[in-house]
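For reference, the structure is listed below as structure tokens.
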Amino acid sequence: MLRKNNILRFKTIESTNNFLKENYEKVENGTVVVADIQTKGRGRLGRTWVSKKGGLWFSILIKKDIKKPSFYTKLSSISIISILKRLKINAKIKWPNDIYVNSKKLSGILTEAVTVNNNIKCIIIGIGINVNNETPENGVSLSNLLKERLSLDFLLEQFIKEFNKNYYHYRNLPFLLNLKWKKNLTFRKRNFVNGYKILKIKPEYLIVKKGKITLKINSIHKLEKER
Ligand code: BTN
């Protein structure tokens, strides 16, 4: 799937997701694009993702055997959780796809699909991990947690290994991946968030209820149209 020798490295780039969106036709399946600094890093829901030097900012291109975007988001989050476990960090997934440690955000995932005339051409999985960088106030970095700096190359290599392992394990067993993902969520079914009881948790939406009000909250895997 992903290969250590299939990595494109940039010092500064607008956004690794944007790079793949513009170049997916020329770039091989499984390519990883990583940048030291992103000048226009993007988060979910059109938010800006501050990407200063010291963090691990990368994107993965999937062009073959394309599955649902949520499959890759879940695969990536459980891969990050396993690596963190090895570093003795207990992290959880905050629905739908943020990685939190002690109520602070350590990592975010932005999975996007490029479509042409409603046909999915590729999936781009964008991952940001706070490593040695300064973080916004609600964030935390690995160096904060471990009290030492970590090698970004080492971390990316670990991610590639873990992602591949999980990919081959779960590629035909999406329901098992879903179970694993659910086990690692910060809140579970029947928990309360802001006074709302969680009735259903899906990667794509959440159903919550307070009194007579039932709400469906979408996670929005935005499909970008091109051409
Ligand atoms: C979020 O939590 O809202 C998702 C953040 C995703 C950030 C990563 S950093 C690498 C890739 N390139 C981007 O512009 N965004 C993603």
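Overview of results
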item: Protection proxy ranking of 159-165, 137-143, 113-119 - average other beta-carbon atoms within 10 Å, highest first; result: 159-165, 137-143, 113-119
item: Most mobile of ASP36, ASP98, ASP153 in a GNM of the chain (Cα contacts under 10 Å); result: ASP153
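Each reported figure results from applying straightforward, stated rules to the coordinates on display, with no laboratory input. Predicted model only: the values in this text are computed from it and were never measured. Heads up, the Cβs are rebuilt from the backbone with ideal geometry, glycines too, and the neighbour counts pull from every protein chain shown.
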